[in-house]
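The structure appears below as structure tokens.
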Amino acid sequence: MFRKVTSLSLVAFLAACSQTQEQKGTGPTEPVAVALQPLSTCAELDSLVRAKTKAAMNKTLDASVNSLNSGSTSNCVMYDSVPSAGNVAVSGASGASPSSVSQTNNQVVGVDEADIVKTDGKFIYLALGSEFRIVSAWPAATTSIASRVTLGGTAKKLFVDGNRALVYVSVARSTITEQSPWMLSQASDCTYGYNCDFSGDGNATKIIIFDITDRTAPAVVRTIDMPGSLIAARRIGSTVHTVASIGELTVPSLEYYYYNSCGTPLTGDALTAELDKIEQIRARNIAKIDAAVFDVGVLAKEGTRVLGKMDCSDFYRETVGDGVGITSVLSLDLQTNSDPTLANVLSRAGAVYASASSLYMSVTHTNTSGYGWFDGVATDEASTVHRFQIGTKPTETRYLASGAVPGHVLNQFAMDENGQYLRIATSKGKVPDPNVESVLSVLSQQGTELKVVGQIGGIAPTEDIRSVRFEGDRGYVVTFKKTDPLFVLNLADPTKPVITGQLKIPGFSTYMHPLDSGHILALGYEADDQGSFAWFNGIQLQIFDVTDMKNPLLLHKKVYGTRGSSSSALTDHLGFTYLPDRNLLTLPMSICDGGGNGQYGTLSFSGVVAMNVSLANGITELGRLEEPYPATYSGFQYGGACQDWWTDSNSVVRRTVVMDNFLYAISDNRVRVQDLGSLGTDVKLVDF
């Protein structure tokens, strides 16, 4: 039987601080203890998974009971029960290289992030569509496809290390196992977590490692299957750390109840009959769950060989959890065929941040009946933070500690490790909730606990976080409702973090990029003030002078287009290409003009804009590479150019690469090469 589990204690979340120029934090009165608990046997794992599956099923049916008892008329669909087909039983489951080359825009120096594009200065490697492609890109005038390999699924991202390439492929679960008790949530990839969850695409993951010594003939040397969806991946040296997650645990043939309550609410015998029907469904579901075979210990396979510890001792459970799933950290050496190391958490996935020695996952929880909650927590939203040790060897990977903070993180940039401390910025709630506010917490590992040792609460009441960046002993947080307050934080004393200054300007930033220790380049949206709220508008680039932490200044600003203008870089930092030694920024863009005040504009440009970024002269456009929309294009959620919501920003060009004076614009359909000195004229066009 599932037993309610609570944590030992929780930080007393700080009340809103007074809005003075220097907003000081204080140490928490009580640390939280939410360390993951290792499992001792596979039987214990099976029991926990079965209990979580029942709890999730009961939660759904209980909602129907509550709806009937309250006389709700919110559900206007009539079904008796909705059985899903499926069987639950599973068996054990050419020339000289260029002198200047752009690289992946990694958050942490020395920690490579998986992306759809990689380059070594001579070749460009692509994980696009259903293929792994290698493009011979140097010299620029001879750019051509060197090889292409069909992957048997959708290419997600890749790494390249010397003569080895690792490609992540999203595949239907049926290609991993014929039958399964998992039902994966059909989610999409999430890079900017404002209105999406870090749960993957809902499919399974195949890891294919190629020997690319001969770039014209990549050879498969290793294939690993994981039933979970790719969440995030990092490479440190030749060791690759992969985070994958199974979204939901369920039995495919479970029944659920829906009732047409649009008419008169039920009472008396009619109500009793419907409630009895729910309990009959519940009893049948419990019997199906009890009879199911949950082969949950098989979370990675190489061929028919099961990877990981056969006794399930590489599994950990959360003490509190409101979701049903399993997330795995798999570490392998890209250059050898040694066994990988796995650490598995009985938890939903979350936002992932990694330094050179630690991987953190922040999982948001809401206080819902039946899953347990943190003792003494006044808010109904909190995030557990789990720390894993990682490094240059797969054998270094292991679980270390956990803690909890109020609210939820926006994305990976809301977390940062500095020495022994983790700094994390969270929002409690979301606009337009009038009670929304944000918190900056500093955590330090003590035993198996990540304890909050410093905190600032009550940041920007009524606004939520839109971007965060940490740099050394400083932090920068942008919140928004109708203006863009840029908060500057002094984190030199981790036990007493301080907000030293703030700057309020129209619009908001979705990504911040340090230019040096005293200046920030920010990318985001301009806004049209409507009094009580503001419409997002065109793409806004700004340079902030934060040399004086008490007096941040806006040095330069440039706006492209109006409402509907978008860029892949606005909500995915991997689309942002900046070469600091050349002050060169290249951004994919779709520019829409003629809009504003809530009205979308019309497309005036699609392609790449190249800019010079200078503290003295600001942001100066160098030229444009045009890449028109294909005849049929489905990359935009709302069906066409200039119709994207701000969190779904996209563009035809997905990535840019710069080699010396040549710009490579990479879209799903081709690579277009132009000289930065004469943009507008193709040097080479390579169609896929």
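The values are calculated or read from the model by the stated rules, or taken from the named source; none is laboratory data. None of these values were measured; they are calculated from a predicted model. Reconstructed Cβ throughout: ideal geometry from the backbone, glycine too, with neighbour counts over all protein chains shown.
Of note:
- Scan region 136-152 for residues that are farther than 21 Å from VAL240 by Cα and under 28 Å from the mean Cα position of the chain (by Cα) and the total you get is 3.
- Region 560-602, residues that are among the hydroxyl-bearing types (Ser, Thr, Tyr) and closer than 30 Å to LYS118 by Cβ: TYR560, SER565, SER566, SER567, SER568, THR571, THR577, TYR578, THR586, SER590
- Listed by first and then second residue, the pairs with beta-carbon distance under 7 Å, at least 6 apart or on different chains, first residue in region 291-309 and farther than 14 Å from ILE326 by Cβ and part of a loop (DSSP other than H, G, I, E, B), second modelled with pLDDT under 75 and not polar (S, T, N, Q), are ALA292/VAL88; ALA292/PRO181; VAL293/VAL88; VAL293/ALA89; VAL293/VAL90.
- Close pairs from region 382-395: first closer than 14 Å to THR242 by Cα, partner surrounded by 24 or more Cβ atoms within 10 Å (Cβ to Cβ) and of a type in the set (Lys, Arg), Cβ under 9 Å, at least 6 apart: ILE390/ARG234
- Residues that are surrounded by fewer than 22 Cβ atoms within 10 Å (Cβ to Cβ) and at pLDDT below 90 do not occur anywhere in region 219-226.
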